[in-house]
Structures are given as structure tokens and as C-alpha cells.
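The values are calculated or read from the model by the stated rules, or taken from the named source; none is laboratory data. Predicted, not measured: the structure shown is a model, and the values here were computed from it. Backbone-built Cβ (ideal geometry, glycine too); neighbour counts: all protein chains shown. Calculation scope for accessible area: heavy atoms of the full protein, side chains included, ligands and nucleic acids excluded. Shrake-Rupley method; radii C 1.70, N 1.55, O 1.52, S 1.80 Å.
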Amino acid sequence: MSEQYEYVPHRLLRRRVRDIASGTEGVLMAVINENVSDTGIERWMELAYIRGACGREFTTAATNVEPAPDQPKTAAGRRDRRSA
């Protein structure tokens, strides 16, 4: 049996992403090509490890990862009142 995993480069590493399968957003920590088989026959899959806002990481297929939509920098009601 060969290696159990290998790291794969990804353009969104360390960036905010969205898992299209669950809708959950977080930071893409790693993409790893892993043998996900629990039998003697190897089955390799690229898994994305995403760290959510709570600090826990979850996995999804790397094909389910997309850039997260841009978040507004400030809310309309939170503008500096001194500049008005």
C-alpha cells in the first residue's frame, strides 16, 4: 500500500472560502489527496480542510470549495458620526 496522503497546492489556501455542499464558510487550511478507503482497495480523493468561525475544521471535496462572497466592511448604521 502506498502513502496515505499528500498535500496538494490550491489557489485559495489561507483564504476565506465557502463549501457549496453545506453553505458553511471558513478559511481553507489545506487540500490533501487522501486514501479514503476502509477496504483493501485504494480510493483516493482530494479533501479540503476548512476551519470554521468556531475554530473547528471540517472536510469537504476540494471540488466543493469556492471563494466566499465579500463581506461588507462596515454596516450602514456604524459610520463615524464625527464625519457627518
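The residues on offer are Ala48, Ala30, Ala21, and the sole one that is without any contact (Cβ under 8 Å) to a residue 60 or more places away in the chain, in contact with a helix residue (DSSP H, G or I) (Cβ under 6 Å, 6 or more places away or on another chain) and either of a type in the set (Phe, Trp, Tyr) or surrounded by 16 or more Cβ atoms within 10 Å (Cβ to Cβ) (or both) is Ala48. Can you tell me which residue is nearest to Leu12 (Cα to Cα) among those in region 33-44 that are touching a residue at least 12 places away in the same chain (Cβ under 8 Å) and open to solvent by less than 60 Å² (accessible area, probe 1.4 Å)? Residue satisfying both the conditions and the ranking: Asn33. Looking across region 22-42, the residues that are modelled with pLDDT under 95 and hydrophobic (A, V, I, L, M, F, W, C) come down to Val36, Ile41. Of all residues in region 51-68, those that are open to solvent by 60 Å² or more (accessible area, probe 1.4 Å) and either in contact with a Cys (Cβ under 7 Å, 6 or more places away or on another chain) or closer than 16 Å to Tyr5 by Cα (or both) total 1.
Applying the criterion of being free of Cβ contacts under 8 Å to residues at least 24 places away in the same chain and either over 12 Å from the mean Cα position of the chain (by Cα) or surrounded by 12 or more Cβ atoms within 10 Å (Cβ to Cβ) (or both) to the residues of region 4-18, the residue that is nearest to Pro69 (Cα to Cα) is Leu13.
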